[in-house]
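Read through the structure below, which is laid out as C-alpha cells, and then see the notes.
The values are calculated or read from the model by the stated rules, or taken from the named source; none is laboratory data. Quantities reported herein were computed from a predicted structural model and do not represent experimental measurements. Counting neighbours? That spans all protein chains shown, and the Cβs are built from the backbone with ideal geometry, glycine included. Surface areas here come from the heavy atoms of the whole protein model, side chains and all, with no ligands, DNA or RNA. Shrake-Rupley method; radii C 1.70, N 1.55, O 1.52, S 1.80 Å.
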Amino acid sequence: MNQDEKDQEYREIFLAEALENYTEINRLLTIVEKNVGDSQSVHALFRITHTLKGNATGMGFEKIAELAHVMEDFFGEVRDGRIALGSDIFSSVFKAADVLGELIEAIKTPKDVKYRGIKTKLEVLIKNATEGTMRTEHHPASTQVATARLSADILPLQAGDDSESGVGSTQVAFSDLIQVSVKKLDNLLNLVGELIIERDRIIANNARSHTANEFSRLNRISSDLQYSVMDVRLVQVGFLFNKFHRIVRDASVKESKQVNLKLEGVETEIDRNILQVISDSLIHLIRNSVGHGIESPEERIKKGKTAEGNIMLSATSESDTVVITIKDDGAGIDPQRIKQKAIAKNIIHAQDANQLSERDLIMLIFEPGFSTMDHVTAISGRGVGMDVVKRALDSIGGTIQVDSMIGEGTIITLRLPSSMAVKSTLLFELESQTYAIPLSYTESVISIYKSAVHKAGQGLITVHLGNTIHIVFLSDLFAQSVGDSRGRYASFDQLHGEQKLEVVVVTFNGKRIGFIVDKLLQQKEIVEKPLRKPFDAISFLSGTTILGNGNVCLSLSIPGIVNALFTNQVNKTVNA
C-alpha cells in the first residue's frame, strides 16, 4: 500500500467518524433544546466537539477544526453556566451544526462552504459570556442584563448569515464506510471457502470433457472473491503495536529501569484473527525484554552503554508471511546459563544438553516451567509465559527464532502467516491417502537412494548439501502412534538397496527432518477446516480439506509431529 492509498484510507476513516459525530451532535442538541437543564448531554456535546477538533487538526482539515473548536468553547461556556440557552441561541447552534455537516460532506464532494459568519456569531456569544461573567463578579445585579445582551448581540448577525453559510435545508449524509462484526466476516469467509472447494470439484470432474479455458473465468472470479474477503479482514499491526508504549512504561517502572520503545512498520497488514492470537505472546516477549534483557541504569553505565535501554518492535511483509522482530540492546542470553538451568530443572539430561548447539540451547527457554531468574519479580521468574508464546505460534503455523550475543542484546523473530483463511501446502500420497504439508515449514523436496540413508543411534540420518537430516518414515510414525508394534527399522529394512526415496524436508525449531512419502503430488492452496471432537486431540493433524476429486485431505501439524518425535511421545524406533 503506497502513501496515497494510506492517506485515502485515513480520510475515509475520518469521514466515517466525523459523520457519526455530526449525527450525535444533532441528536444531543434536540435533547438539550427540550430540556436545557440536561447537563449530561451538554457534557457529551463538549466531548464530541473536542474529539472532532483534534481529529480534524491531525488530518489537516482546518475549516472543520476551526468551527469545531469554537463550538467546543461554546459548549464549555454552557456547561459552566455562563451562557443561558434560549430560542435565538438554539437557532444559531443548529445552524452551526448544519455548516459543520456541510464542511464534513465537502471532504467527499469538494465544494466551497462559507462558515466564518456562524463561527463569528458563536465567538461573539463566547466573548459576551466571558465579559458578562467578569461584570457579574463586581456587579451581581447585572446578571440578567448580561444574559439579555447575549441574545441581543447576535440578532444583527442573523440576517446576513443565511446567505453566507449557504444552508438552505438539512440534508442526511451517509458515510462510505460501514461497521461489520467479525463474526459476519468469518461466516462470509467460511462460505467462500466452501465455494472454492466446490469450484475445484466441478473443474476436476469435468477436466476430461471440457478444456481448461471453459472454467478460467469461474476460477478467476472465485479467486478474486476469496482474496477480496481475506483483504477485508486485514488490519495494520499498529493497532496492537501502539498499545505497547504503556506496557513498556509500566514494566520499566516496576523493574526500576529506563526503557525506550521504538516502533517500525506499523502499517504492515495482517489477518485480525492472527493478531488477536499473538497479542498475549507479544506482551510476554516485550515484558521479558524489559525484565530479562535490559539492564539497570547503573549496570548499563558500567558497561559503557546509555542509562536508557532500547527496544525495537518492527514488522515487515515477505510474500505470504509477516515478520515481527523484537530487538533489544540489553545483556543478551547466555547459552551456558540456559543449559545449567535446564539441567537443574530436569528439562533436559546433561548428556543431551552437551550435544545441542548454542541456538538450540537458547530455544530451551520455551520449555514449560523454564526461567533463568533466581527470584520472582513483578514480571519475571514464575516460569510461565514463554511456553505459552510457543504454543500460540504453533497453533497458527508460525515460527520463532532467537538470536543473541552476550552483552550486546537479543533479536527475537516471529514469522507469521498473513492470513489463516488459505494455506499454501505441498500435497503428497502415503498408503493411498493424500496429505498436505504447509509450505511455511517445507525447506525442500529431494530424492535420495536408500544407500544414502544410515542408521545412527535410535534413528536414521542422511547428509544433503552438507546438512545432516533426520529421516523418518511417516508410515512407521503413524503406525506407532496407534500402537502398531513395528520393528525398529521396519520400512527401511524392507527396501532394496537402490530404492529411490521421495523426501520432504521440513524445519521447525532449528530441527531439520526428512519425511519419507510414497509419492509427491503438487503445490496447492487449500481452505483448511479445523478438526472437530474427538479428532481435535490428534496432535499430528492440524485440519482437513476436500480436494477437487471429492477426497478428504488431512493437513499435517509439523509442530505436533516434531514435538512428539523429540519428546519421546512415540516409540523410539522412529525417534530421530
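Filter region 284-342 for residues that are part of a loop (DSSP other than H, G, I, E, B) and β-branched (Val, Ile, Thr); which is farthest from the chain's Cα centre (by Cα)? Before the answer, list the steps.
Restricting attention to region 284-342, the residues satisfying the condition of being part of a loop (DSSP other than H, G, I, E, B) are 294-296, 303-308, 319-320, 329-334.
Okay, now just the ones that are also β-branched (Val, Ile, Thr), so 294, 306, 333.
On the way: ILE294: 25, THR306: 32, ILE333: 27 Å.
Here the residue is THR306.
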Meets criteria (free of Cβ contacts under 8 Å to residues at least 12 places away in the same chain and assigned to a helix (DSSP H, G or I)) for ASP352: yes
Checking ASN571 against (1) of a type in the set (S, T, N, Q); (2) modelled with pLDDT under 85; (3) touching a strand residue (DSSP E or B) at 6+ places or on another chain (Cβ under 9 Å), which single condition isn't satisfied? (3)
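Could you check, for region 547-557, whether at least one of its residues is closer than 29 Å to GLY459 by Cβ and modelled with pLDDT under 85? Talk me through it step by step, then tell me what you get.
To start, the set of residues in region 547-557 that are closer than 29 Å to GLY459 by Cβ comprises 553-557.
Going one step further and asking which of them are modelled with pLDDT under 85, we end up with none.
Scanning region 547-557 turns up no residue that is closer than 29 Å to GLY459 by Cβ and modelled with pLDDT under 85.
Quick check on region 489-506: of everything there that is open to solvent by 50 Å² or more (accessible area, probe 1.4 Å), touching a strand residue (DSSP E or B) at 6+ places or on another chain (Cβ under 9 Å) and not in a loop (DSSP other than H, G, I, E, B), which residue is farthest from ILE196 (Cα to Cα)? Please lay out each step first, then the result.
Our first condition is that a residue be open to solvent by 50 Å² or more (accessible area, probe 1.4 Å); within region 489-506, this holds for 493-494, 496, 498-500, 502.
Cutting the leftovers down to touching a strand residue (DSSP E or B) at 6+ places or on another chain (Cβ under 9 Å) gives us 498-500, 502.
Restricting the remaining residues to those that are not in a loop (DSSP other than H, G, I, E, B) gives 500, 502.
Working: LYS500: 36, GLU502: 30 Å.
Checking each candidate, the answer is LYS500.
Right, TYR441: at pLDDT 85 or above and over 27 Å from LEU356 (Cα atoms) or not?
Details: at pLDDT 85 or above: yes; over 27 Å from LEU356 (Cα atoms): no.
Judged against the criteria, TYR441 is not a match.
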Of everything in region 445-458, what is over 22 Å from GLU498 (Cβ atoms) and in contact (Cβ under 8 Å) with a residue 60 or more places away in the chain? Give them in sequence order. GLN458
Suppose the filter is assigned to a helix (DSSP H, G or I), aliphatic (A, V, I, L, M) and buried (at least 17 other Cβ atoms within 10 Å of the Cβ); does ILE247 pass it? no
How do the pairs read when you match residues in region 279-292 that are charged (D, E, K, R) with residues anywhere that are open to solvent by less than 40 Å² (accessible area, probe 1.4 Å) and outside any helix (DSSP H, G or I), using Cβ under 8 Å and keeping only pairs 6 or more apart or on different chains? ARG287/ILE379; ARG287/SER380; ARG287/GLY385
Of the conditions (1) closer than 20 Å to ALA96 by Cα; (2) in a helix (DSSP H, G or I); (3) in contact (Cβ under 8 Å) with a residue 40 or more places away in the chain; (4) not charged (D, E, K, R), TYR10 fails just one. Which one is it? (1)
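Quick grid of which residues meet (1) among the polar types (S, T, N, Q); (2) touching a Lys or Arg at 6+ places or on another chain (Cβ under 9 Å):
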| position | (1), (2) |
| --- | --- |
| GLU9 | no, no |
| GLU24 | no, no |
| GLN40 | yes, no |
| LEU45 | no, yes |
All but one of (1) crowded, with 19+ Cβ neighbours inside 10 Å; (2) touching a Ser or Thr at 6+ places or on another chain (Cβ under 7 Å); (3) within 24 Å of GLY497 (Cβ to Cβ) hold for THR462; which doesn't? (2)
Selection over region 12-21 where residues are open to solvent by less than 80 Å² (accessible area, probe 1.4 Å) and either farther than 13 Å from ILE107 by Cβ or not small (Gly, Ala, Ser) (or both) yields a count of 6
Selected residue [open to solvent by less than 80 Å² (accessible area, probe 1.4 Å) and polar (S, T, N, Q)] from SER87, SER41: SER41
Consider SER228 carefully, then state whether it is in contact with a Lys or Arg (Cβ under 7 Å, 6 or more places away or on another chain) and more than 29 Å from ARG391 (Cβ to Cβ). no
